[in-house]
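**Student:** Can you keep this structure in mind? I'll have questions shortly.
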């Protein structure tokens, strides 16, 4: 079973799952920042474990995954044409939620919302409520991850065990690095804003992908997808520039 092709497929899928899981880590880190350090670690571990569980369930339910791509209803008028599927609805709602959540967090940080008000909000924002939000966003992110993995392993023998193993290994690697990455982000406000900006981009990408999958067109102009390579390059470039800025803000070493 352990042929070079299968090993290469496993390593490629593991790397892909880690890359596609970055948005998961950012979102969970933002939610976890509202809680004390110990609770933060617990929330991040549970959140990533649930992400792994969600991906495995989706892999085991590939037939259901195909079903949600079927048309529910169509709209065809003079200015809009679309074929709505359950998948496009989930991606649309996920994108809107990410945009709302990111905008709200950026507003709180930039406008320096009163500490007493934030403390009251944090008290109301329970651990269980945070978990519910993580599960909902895990579902949205899992679709992208699993559909990409299925496309890459099409025609490869033992594809399902390879995909499950890659998901498990990738999540455990993310668990190892999630806490230090989250602490580093929370210690640097500029990185928090950058992370929230990434979530805004991802939310917008999910909305355009939902429109593309439902074959939506406005006044005859169809909506295409945003290539993920462009998105991740923009994220990596922005992060690199910010790391350089942080280095210069510290000043030269003496």
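The rows are residues; the columns are (1) surrounded by fewer than 12 Cβ atoms within 10 Å (Cβ to Cβ); (2) assigned to a helix (DSSP H, G or I).
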residue: 11; (1), (2): no, yes
residue: 28; (1), (2): no, yes
residue: 41; (1), (2): no, yes
residue: 45; (1), (2): no, yes
residue: 49; (1), (2): no, yes
residue: 53; (1), (2): no, yes
residue: 69; (1), (2): no, no
residue: 74; (1), (2): yes, no
residue: 83; (1), (2): no, no
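**Student:** Write out, first by first residue and then by second, each pair whose Cβ atoms fall under 8 Å of each other, whose residues are 6+ apart or on separate chains, and whose first residue, in the range 40-59, is at negative phi and without any contact (Cβ under 8 Å) to a residue 60 or more places away in the chain while the second is assigned to a helix (DSSP H, G or I) and buried (at least 21 other Cβ atoms within 10 Å of the Cβ).
**Tutor:** Short answer, once both residue conditions are applied: none.
**Student:** Which is closer than 30 Å to residue 78 by Cβ, surrounded by 12 or more Cβ atoms within 10 Å (Cβ to Cβ) and either at pLDDT below 80 or in contact with a strand residue (DSSP E or B) (Cβ under 6 Å, 6 or more places away or on another chain) (or both), of 208, 216?
**Tutor:** 216
**Student:** If we scan the range 124-132, do we find a residue that is part of a helix (DSSP H, G or I), surrounded by 15 or more Cβ atoms within 10 Å (Cβ to Cβ), at pLDDT 80 or above and touching a helix residue (DSSP H, G or I) at 6+ places or on another chain (Cβ under 9 Å)?
**Tutor:** Yes, some residue in the range 124-132 is part of a helix (DSSP H, G or I), surrounded by 15 or more Cβ atoms within 10 Å (Cβ to Cβ), at pLDDT 80 or above and touching a helix residue (DSSP H, G or I) at 6+ places or on another chain (Cβ under 9 Å).
**Student:** Please verify whether residue 99 is exposed (fewer than 13 other Cβ atoms within 10 Å of the Cβ) and in contact (Cβ under 8 Å) with a residue 24 or more places away in the chain, treating the condition exactly as stated.
**Tutor:** In short, no.
**Student:** Among the residues of the range 196-228, which ones are more than 22 Å from the chain's Cα centre (by Cα) and over 14 Å from residue 85 (Cα atoms)? Can you show your working first?
**Tutor:** Of the residues in the range 196-228, the ones more than 22 Å from the chain's Cα centre (by Cα) are 215-222.
217, 218, 219, 220, 221, 222 - these are the residues of the range 196-228 that are more than 22 Å from the chain's Cα centre (by Cα) and over 14 Å from residue 85 (Cα atoms).
**Student:** Let me confirm something: among 181, 167, which residue is at pLDDT 85 or above and either surrounded by fewer than 16 Cβ atoms within 10 Å (Cβ to Cβ) or touching a helix residue (DSSP H, G or I) at 6+ places or on another chain (Cβ under 9 Å) (or both)?
**Tutor:** Values: 181 fails: at pLDDT 85 or above.
When all the criteria are applied, what remains is 167.
The values are calculated or read from the model by the stated rules, or taken from the named source; none is laboratory data. These numbers come from a predicted model, not from an experiment. Virtual Cβ from ideal backbone geometry, glycine too; neighbours counted across all protein chains shown.
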